[in-house]
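Following: one structure in structure tokens, then a few remarks.
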Amino acid sequence: MAKSIYITSVEGHAGKSTIALGVLDTLSHETERVGVFRPVARSSDERDYVLEMLLAHDGVELDYEQCVGVGYDDVHANPEAALSEIVSRFKAVERQCDAVVILGSDYTDVGSPTELGFNATIAANLGAPVLLVLGGQQSDGRGSRSPEDLGQILGLARQELDSAHAGVLGVVVNRANPERLDETIAAVAAEAGATRVWAIPEDRFLIAPSIRSLMEAVDGTFLSGDPALLDREALGVVVAAMSMENVLTRLIEGGVVVVPGDRSDVLLAVLMADAAETFPSVSAIILNGGFELPPQVALLIDGLDATLPIIRTSLGTYDTALRITQTRGRLAADSQRKYDTALALFEQHVDAEVLLRLLDVSRSDVVTPLMFEYDLLDRARSAQQHIVLPEGNDDRILRAASTLLRRGVARLTILGDESEIRARAIDLGLDIANAAVVSPRDPELRERFAVEYAKLRAHKGVRLEDAREIVSDVSYFGTMMVHLGLCDGMVSGAMHTTAHTIRPAFEIIRTNPGVSVVSSVFLMCLEDRVLVYGDCAINPDPNAEQLADIAISSATTAQQFEIEPRVAMLSYSTGESGAGVDVDKVRDATDTVRSRRPDLLVEGPIQYDAAVDAAVGRSKMPGSEVAGRATVFIFPDLNTGNNTYKAVQRSAGAVAIGPVLQGLRKPINDLSRGALVQDIVNTVAITAIQAHTIDLASTRANAS
């Protein structure tokens, strides 16, 4: 039977969705099949956005209709029949999962004290322990609740839960006063007895509505600006029904400015203020009244090439302001910053190990792509390495940086013009305040790097004057930062070719002693395990010695990521069955690996099916410790390797993480120019783990 947990609250707007997301994310890192269930959904044609967000989480493979029990109308009409239907539909979900997160009702259609009692009854009938969420903010918007008030609320809620025979697994005070977290936990724990209590602080960003949701609320039309900025959050509202001078003094960071549609002077003043560094950066302008912009003003705005969203509504000032202030922020899958913030708050304030122990959830032997990616981030977070990202002008880099910093994965330096990069991050609603931003034109660093580069490349006739120009290139500049110890690793390639990224590494970082060639691997995350494929990105036709280097480097990389290396040297024949130049190359490379690394389990030449399939392996190479159990696959050439990894990726639905460069003294990794934000996040985590491994090896070598 699947492990399940029922998340409910005493009232609406307590932030259950944040807690549900955190619990779901925690479970998905430990078990293979995680499900979501909503016993009571809203009685309307509108789909439940919270349920959709949870279903969008990686690792959840259920349809929306499967995960809904009944609607509020069904509960009102016949509570007993509704409960029976809920149990029946839940059991269908439970049979497909190892763990299920059950999200209680939202207090939107009933809103009475009996709603908690009905949730408790559902939890008891589903056999699911309750994780009770208490709202740290007063429902009337008058600020934070005191620790004493929260303790009293828990006491009343426990009576309701106990009367329904619902067991309480733990209590989370969400949106608690950040300055009184310890007091809050103590006061609630005094009422909770042996039940575990956690508290998550209020974060105003999480409850802020997006510009897009405000545009929908006022029935607005998008006039101009960058559509990507519609997902930025609004942190306040300024009603600009006053003179231009007075409006400018009232602008706030992240605010939405409501401007009468016939006040072109105020509109232009706000646009200019937003572009100036001396004023706060606002989130959007909403023109109310339904007035058309004069053609001259519209032409002027087009010429400014402003990115600030401008929205027009036909509503008057009062109705516009009222709808804005009544719009609540939503935690949605399409808001990466909110998503990251919610997960980071949960990770920081709820002990995942304790929660899993209370649920009696043990780690699965299967390693899914999601579990592997989580382990990457977790190990990188523990390592706390410093990574440089040279391509600060790419929005994907900024989005990835925001995620990495919010989740505490690594320390970051971003290359580029600081004012431009920070302004763009603010426009996108991203928080990169904890990243260092360094210009590759910085005169002091540029001179230092030029002197060092000229010294390294003197044998190639490089003069200091040449070096000054060369190191101004972002790839060379970032590589020099790694070389001189200002950063621990570099990730680049979102805007540049592979050659542009790794050429500086060949010239400056160079290979490890005893390694003749830099190579690459892809970490291939299949449904139930992770394999290592090399070389699929760098070397077109390695000779036997280079192939042996690639195999040894790949085995080392596998160990860095906690994959036990069993190396298969691939060919079109297995064992002694074939002959020819290509097979002999693999046979010689295998002998070289055995000679240089007798501790490694290696087999070759071997065909792919014999390496991966236990039955075929026993038939073709009986007694082999690698055949049928290989974890590291070494391809004889780039043509074979590149085509095979892409075939497996597309045909088997595998997640391919990489290429991961190996053989360098310090880690430099290349991105695909089509890289997604998550690809960048994963690659930074990989680079941090590599850097940490190098540090540990260096420490051990010095100690000996």
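All conditions but one from (1) open to solvent by 10 Å² or more (accessible area, probe 1.4 Å); (2) more than 15 Å from the chain's Cα centre (by Cα); (3) modelled with pLDDT of 90 or more apply to residue 390; the one that does not is (1).
Evaluate the following for residue 74: is it more than 30 Å from residue 182 (Cα to Cα) and outside any helix (DSSP H, G or I)? Spelling it out, it is not the case that residue 74 is more than 30 Å from residue 182 (Cα to Cα) and outside any helix (DSSP H, G or I).
Scanning region 188-212 for residues that are open to solvent by 30 Å² or more (accessible area, probe 1.4 Å) and in contact (Cβ under 8 Å) with a residue 12 or more places away in the chain returns 190, 191, 196, 202, 203, 204, 207, 212.
Filter region 480-529 for residues that are more than 25 Å from residue 676 (Cα to Cα), of a type outside the set (D, E, K, R), out of contact with any helix residue (DSSP H, G or I) (no Cβ under 7 Å at 6 or more places or on another chain) and in a loop (DSSP other than H, G, I, E, B) and give the result. 485, 486, 512, 513, 514, listed by residue number.
The one condition from (1) in a helix (DSSP H, G or I); (2) under 15 Å from residue 258 (Cα atoms); (3) not polar (S, T, N, Q) that residue 242 does not meet is (1). Which residues, taken from region 574-607, are part of a helix (DSSP H, G or I), at pLDDT 90 or above and of a type in the set (Val, Ile, Thr)? Listed by number, the residues that qualify are 583, 586, 590, 592, 593. Just to be sure before I move on: is residue 482 β-branched (Val, Ile, Thr), closer than 23 Å to residue 684 by Cβ and open to solvent by less than 40 Å² (accessible area, probe 1.4 Å) in the structure I sent? Yes. When 292, 277 are screened for being farther than 24 Å from residue 233 by Cβ and charged (D, E, K, R), only 292 passes.
Restricting the first member to region 402-414 and to residues that are assigned to a helix (DSSP H, G or I), and the second to residues that are open to solvent by 10 Å² or more (accessible area, probe 1.4 Å) and hydrophobic (A, V, I, L, M, F, W, C), the beta-carbon pairs closer than 6 Å and six or more apart or on different chains are 402/430.
The listed residues are 35, 12, and the only one of them that is touching a Leu at 6+ places or on another chain (Cβ under 8 Å), small (Gly, Ala, Ser) and either open to solvent by less than 30 Å² (accessible area, probe 1.4 Å) or touching a residue at least 40 places away in the same chain (Cβ under 8 Å) (or both) turns out to be 35. Considering (1) touching a residue at least 60 places away in the same chain (Cβ under 8 Å); (2) open to solvent by 10 Å² or more (accessible area, probe 1.4 Å); (3) of a type in the set (Gly, Ala, Ser); (4) over 30 Å from residue 568 (Cα atoms), the lone condition that residue 475 does not fulfil carries the number (2).
Note on region 649-659: residues that are of a type in the set (A, V, I, L, M, F, W, C), in contact with a Phe, Trp or Tyr (Cβ under 7 Å, 6 or more places away or on another chain) and either surrounded by 23 or more Cβ atoms within 10 Å (Cβ to Cβ) or in a loop (DSSP other than H, G, I, E, B) (or both) amount to 1. As a summary of the residue check, residue 286 satisfies the conditions (1) open to solvent by less than 10 Å² (accessible area, probe 1.4 Å); (2) under 26 Å from the mean Cα position of the chain (by Cα); (3) among the aliphatic types (A, V, I, L, M) except for the one numbered (2).
Contact annotation: no residue pair with Cβ atoms under 9 Å, 6 or more positions apart or on different chains, pairs a residue in region 300-320 that is closer than 21 Å to residue 232 by Cβ and open to solvent by 70 Å² or more (accessible area, probe 1.4 Å) with a partner that is of a type in the set (D, E, K, R) and not in a helix (DSSP H, G or I).
Taking residue 646 as the residue in question, decide whether it is more than 14 Å from residue 531 (Cβ to Cβ), surrounded by fewer than 24 Cβ atoms within 10 Å (Cβ to Cβ) and in contact (Cβ under 8 Å) with a residue 24 or more places away in the chain.
no
Please verify whether region 248-262 includes one or more residues that are in a helix (DSSP H, G or I), open to solvent by less than 30 Å² (accessible area, probe 1.4 Å) and in contact with a strand residue (DSSP E or B) (Cβ under 7 Å, 6 or more places away or on another chain). Looking through region 248-262, none of the residues is in a helix (DSSP H, G or I), open to solvent by less than 30 Å² (accessible area, probe 1.4 Å) and in contact with a strand residue (DSSP E or B) (Cβ under 7 Å, 6 or more places away or on another chain).
Output yes when any residue across region 258-269 is in contact with a helix residue (DSSP H, G or I) (Cβ under 9 Å, 6 or more places away or on another chain), under 30 Å from residue 15 (Cα atoms) and at pLDDT 90 or above, and no when none is. Yes, that holds for at least one residue. When residue 367 is tested against (1) part of a helix (DSSP H, G or I); (2) open to solvent by 10 Å² or more (accessible area, probe 1.4 Å), just one condition goes unmet, and that condition is (1). Is it fair to say residue 567 is open to solvent by less than 10 Å² (accessible area, probe 1.4 Å), of a type in the set (Val, Ile, Thr) and touching a strand residue (DSSP E or B) at 6+ places or on another chain (Cβ under 7 Å)? Judged against the criteria, residue 567 is a match. Of the residues making up region 122-132, at least one is under 30 Å from the mean Cα position of the chain (by Cα), surrounded by 22 or more Cβ atoms within 10 Å (Cβ to Cβ) and not in a strand (DSSP E or B).
The values are calculated or read from the model by the stated rules, or taken from the named source; none is laboratory data. Treat the numbers as computed from the prediction; the structure is a model and nothing was measured. Positions of Cβ are backbone-derived with ideal geometry, glycine not excepted, and every protein chain shown enters the neighbour counts. Please note that ligands, DNA and RNA were not included when accessible areas were found on the heavy atoms of the full protein model with its side chains. Shrake-Rupley method; radii C 1.70, N 1.55, O 1.52, S 1.80 Å.
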